[in-house]
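One structure below.
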Amino acid sequence: MTATTDVLIIGGGVIGLAIAVELKLRSLSVTVLVRDFPAAASHAAAGMLAPQAEQIPPSAMLDLCLLSRSLYPQWISKIEQISGLDTGYWRCGILAPRYTQENRDNWLNQAQIRQYQPGLSTEVVGGWWYPEDAQVDNRALTLALRATAQALGVNIRDGVAVKAIECEQNRVTGVRTNEGMLSSDRYILATGAWSGQLLSIPVYPRKGQMLSVRAPDDIPLQQVLFGSDIYIVPRQDGRIVIGATSEDVGFTPHNTPAGMQALLQRAIRLYPQLQHYPIIEFWWGFRPATPDELPILGASPYYNLTLATGHYRNGILLAPVTANLIADAIANQDRPLLKHFHYSRFLT
C-alpha cells in the first residue's frame with residue numbers, strides 16, 4: 001500500500017483533533033478517522049480545568065496538568081481565531097466546599113466560603129478557593145477544534161471504523177477499516193475508552209452519567225463548585241452541568257434512575273437552590289481509564305505508532321499539552337515528561 005498521508009490519527013475526539021491541528025500547523029499532512037463523532041468522551045465531559053481542585057498530589061501528573069492549564073489561554077485564542085467559534089473558555093475559578101474540617105493550607109472557614117458563594121448548604125463547614133482553575137464548554141471546544149482542523153486542511157473521514165491495526169514485526173503496516181485498508185507513514189492511536197480494543201494496552205471504559213439544569217436569568221453561580229463527590233459547573237449561557245457518576249460497567253449505555261438520583265441528591269445537598277431549577281438534559285459517556293488513572297502517551301511497541309489515550313477524567317484539560325508532546329514525539333524531539341506516561345509501566 002502507498003501511504004496517502006504523513007500521519008493517520010485513529011480517533012476524532014478532542015485529543016485526536018487537538019493533535020491533528022498541531023501537526024497541521026507544523027506542515028504535516030494529516031488524516032483523522034472518526035467512527036462516531038458524538039460518541040467521543042469529549043462530548044460527555046464537564047470541561048473543568050481543575051488540577052488544583054482535584055488535589056492531584058505533587059507528581060509528573062500534576063506537572064503535566066499545570067503545564068496544560070498554563071497553555072490554555074493562548075491555545076484557545078488560536079482555536080477561536082481560526083475557527084471563528086466561541087469555546088466557552090472561562091477563568092471563573094473553582095470553589096471546593098467540604099462538609100468536614102480539613103487541615104490544609106489556605107482553608108476557608110464557614111463564613112469565608114460563603115462570601116465566595118452565597119447559598120451553600122448549612123452542612124458546608126469550609127473549603128478552598130482555586131482562582132487559577134477554569135472551565136471550557138467541552139462540546140463547543142470539540143466543535144471548534146473540528147472546524148479548525150477542517151479550515152487548516154486536515155482530512156477528516158467520518159463513519160470510518162477501524163477494525164484492526166495490522167502489524168509486521170515492530171511496525172504498523174496499515175489499519176483495516178469498514179472502508180478497506182488505509183496506510184500512512186505514522187499512526188496515532190487516540191480512541192479513548194475504545195483503545196484497548198485495537199491494541200493490547202490496559203485502557204477500559206469508566207461510565208459517567210451527567211445532567212444539566214437551567215438557572216434563573218440572574219445566574220446565582222459564578223464559579224465551579226467541586227465537592228468531594230459531586231461537581232456543579234455553571235455555564236455563561238445559564239446552563240448548570242452536574243456530574244458525574246463513576247461506574248465500572250463496561251460499555252453499558254443509557255442513564256439510570258439510580259445514577260440520576262445519586263447526582264441530584266448530592267448536588268442539592270451541596271447547593272440546595274438547585275432543587276427548584278428545571279432539568280434540561282441527561283446524558284452519559286465513557287472515560288478512558290487506566291489502572292493507575294494516568295494517561296498513556298508517546299511510544300508504543302511499534303516504532304511508527306504513537307499513543308495518546310487513557311486520559312480518564314482529564315482529557316479536556318490535557319488536550320493542549322498532549323497535542324504539543326505528541327507532535328514533538330512525531331518529530332523525534334526529546335520530551336522527558338513523556339517517560340512518566342510510557343506504556344511499558346504496565347508490562348510485567
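A short reminder: the numbers here are calculations on the coordinates, not readings from a lab. Quantities reported herein were computed from a predicted structural model and do not represent experimental measurements. For neighbour counting, all protein chains shown are included, and Cβ atoms are generated from backbone atoms with ideal geometry for every residue, glycine included.
Annotations for the structure displayed:
- Considering only Cα atoms, the convex hull volume of segment 99-186 works out to 260 Å³ per residue.
- Directionally averaged shadow of segment 1-151, computed from the convex hull of its alpha-carbon atoms, nm²: 11.7
- The stretch between ASP63 and ARG214, if pulled fully straight at 0.36 nm per residue, gains 50.8 nm over its current Cα-Cα span.
- DSSP beta bridges in segment 7-135 [antiparallel fraction, %, rounded to 5]: 70
- Working from label points 7 Å from Cα in the Cα-to-Cβ sense, the GLN169 to GLN74 distance is 4.1 nm.
- For the chain, adding -39500 (n - 2.57) for each run of n ≥ 4 DSSP H residues and dividing by the number of residues yields -8000 deg cm²/dmol at 222 nm.
- Shape call, segment 191-255: gyration tensor on alpha carbons, a/c limit 1.5: prolate
- The packing ranking, built from the mean of other Cβ atoms within 10 Å per residue, places the peptides 321-331, 20-30 in the order 321-331, 20-30, highest first.
- Of the chymotrypsin sites (Phe, Trp or Tyr not before Pro) in segment 236-321, those whose Cβ has at most 13 other Cβ within 10 Å and which sit in DSSP loop: PHE251, TYR303
- Part-to-part distance (alpha-carbon centres) for segment 50-89 and segment 276-295, which is given in Å: 19
- Pairs of Cα atoms nearer than 8 Å and 6+ residues apart set the relative contact order; for the chain it is 24 percent.
- Value of D in µm² per second that Stokes-Einstein yields for segment 13-58, Kirkwood Rh from Cα pairs, at 25 °C (0.890 mPa s): 190
- Dipole magnitude for segment 53-206: about 200 debye, using +1 per Lys or Arg Cβ and -1 per Asp or Glu Cβ, origin at the Cα centre.
- Among (1) 20.0; (2) 20.8; (3) 24.9, the entry that matches Kirkwood radius over Cα pairs in Å as calculated here: (2)
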